[in-house]
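We did not get these values from a lab; they are worked out from the coordinates using the rules stated. All of these numbers come straight from a predicted model, not from anything done at the bench. Because the Cβ atoms are built from the backbone with ideal geometry, glycine has one as well, and the counts that use them run over all protein chains shown.
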Amino acid sequence: MIEKKYRLKRTKVVGTIGPNSLSKKKIKRMIMAGLNVCRINFSHSNHEDALKIINIVTELNLELDTHVAIMGDLQGPKLRIGTVEKNCTLHKGDNIIIQHGNNKSNNNQIFVDYKTINNDVKYGAKILLDDGKLVLKVTQIKNHQIHCLVVQGGQLKEKKGLNLPNTKISIPTITDKDKIDLFFCIEHKIEWIALSFVRNGKDILDLKEILQKHNSKSRIIAKIEKPEAIKNLNNIIRHSDALMVARGDLGVEVPTQKVPVLQKKIVRAARRNAKPVIIATQVMESMINNLAPTRAETNDAANAVFDGADALMLSGETSVGKYPIRVIRIISKIILDVEASDERKFFNKILPLKSNHRYVSDSICYQASEIANQVEAKAILAFTASGYNAQKVSSNRPNAHICVFTHNRQLLNTLSLIWGVFGFYYNKFDSTDNTIEETQLILKKSKIIKSGDFVINIASMPIKEKGMTNMLKLEKVR
């Protein structure tokens, strides 16, 4: 059984399932250690492995009475160089040509899988290879060839990434490979779909159009990893369901020292709009090989919790790392320690806007959080069909547990990504008083609340109509 302390942590943990964690036994132990969302990375996972993950998680949710969600992370237009001749090293001051093609790259020419690169890149632009380890500067564009000067040299390795900071690329955000993986996600009702290298709101709308065409309820995570996305952040937030601060490529395309400030800016913007936000990349990187994280990694993870991130994501740590279960347990302990600290309890208030058509509902969600903090309520009970109330209450980061009851089973898994939210299946909703009484009994049996605790109930009245929230009730559990 999952330990109560891991079950009731507010900040969620996303773990990537890969070669070293793809077994029912290991995923079960990861869930018991505090895993909330299993990530399928389509840059590396094939559909056979993805289906195994889906089946295992579905089985374990039934066996453990959990609501672990699945995230399908689309590869996106990741630009890469092809194969490279042996012992190929670029030196500062060298001249080199970049062009589209499948030939082996060498000290004189680099071939890339990017047909329109010569049309997109401009004179003087920077080209980064291998996560910025090699830096080139464009000196001339002629006859479909890009002539470059090596600014920062190093070994040229095959299949490594190519980044073009501040260059607008013409490749679609949703590639042909992404569409194949997306249809797989739709077919298997994966709850969250992460879209890579998002540039603007239109990228999100293009994905939404495909999902709507196939009647999919999957929700979209916009991965923020390009300078263009930072410029269009408000528009991206408006159209997406969640955000991911993908610090890997973001840290290549913008100066590294700017990433911490951008991270805080993105988290605040997401909270302000009641959208979940995930912090990703190198969270516990050293634990791929080591038994414990570095002090810097521990501090980084703790600070993300202090900032109010909904979730922390592990990549190589759980997919190929030596200690996939241990790293989940350690990051869960870090989260719990921060959440128990008085320092965590001060978040900027997000006041409802009168101009919003949901002003009444939003006001009740806001006041539920305020009153819960004032009376030290143990739980806020909310009833939802869409999850809107859950996200709105969560965005205020109350100290009380947010317990959400819904008749929508798929939504239960979806809610597992959202800060502080714990989902319960409930489908009676015959009268407001009966519903409140029965749902409180469910929480007492789950040992989330006990007699004498204060709880806050928010709902729509009459409850059968499942309209917008218009009722708040504070009471002491009998």
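What the table shows:
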read-out: Antiparallel DSSP beta bridges within segment 359-476, percent to nearest 5; value: 30
read-out: Distance violations [Cα-Cα > 28 Å] among 9/444; 354/445; 133/226; 25/392; 12/264; 160/275; value: 354/445; 25/392; 160/275
read-out: Proxy reagent accessibility, fewest Cβ within 10 Å first, across 225, 253, 209; value: 209, 253, 225
read-out: Segment 89-163, Rg to Rh (Cα coordinates; Rh as Kirkwood inverse mean 1/r); value: 0.90
read-out: CD proxy at 222 nm, helix term only [per DSSP H run n ≥ 4: -39500 (n - 2.57); per residue of the chain; nearest 500]; value: -10500 deg cm²/dmol
read-out: Helix 359-375 axis, angle to the chain major axis (alpha carbon atoms, nearest 10°); value: 70
read-out: Fewest-first ranking of 284, 461, using other Cβ atoms within 10 Å as the exposure measure; value: 461, 284
read-out: Angle in degrees between helix 47-64 and the longest Cα principal axis of the chain, rounded to the nearest 10; value: 20
read-out: Segment 359-476, relative contact order [Cα under 8 Å, separation at least 6], %; value: 28
read-out: The chain - share of DSSP beta bridges that are antiparallel (%, nearest 5); value: 35
read-out: 0 to 90° range, to nearest 10: angle between helix 176-187 axis and the chain longest Cα axis; value: 20
read-out: Mean separation of Cα contacts under 8 Å (6+ apart) over length of the chain, as relative contact order %; value: 14
read-out: Sequence of 279, 180 once ranked by neighbouring C-beta atoms within 10 Å, starting from the fewest; value: 180, 279
read-out: Percent of C-alpha pairs per 10 Å bin, segment 359-476, short to long; value: 15, 53, 32, 1
read-out: Label-point separation, residue 373 to residue 451 (7 Å along Cα→Cβ), nm; value: 3.2
read-out: Eligible aspartates and glutamates near residue 86 by straight Cα distance, threshold 16 Å, same-chain separation 8 or greater; value: 158
read-out: Sparsely packed GluC sites (Glu not before Pro) within segment 297-396, loop by DSSP, other Cβ within 10 Å at most 15; value: 376
read-out: Cα centre as origin, Lys/Arg/Asp/Glu Cβ charges: segment 331-412 dipole, Debye; value: 280
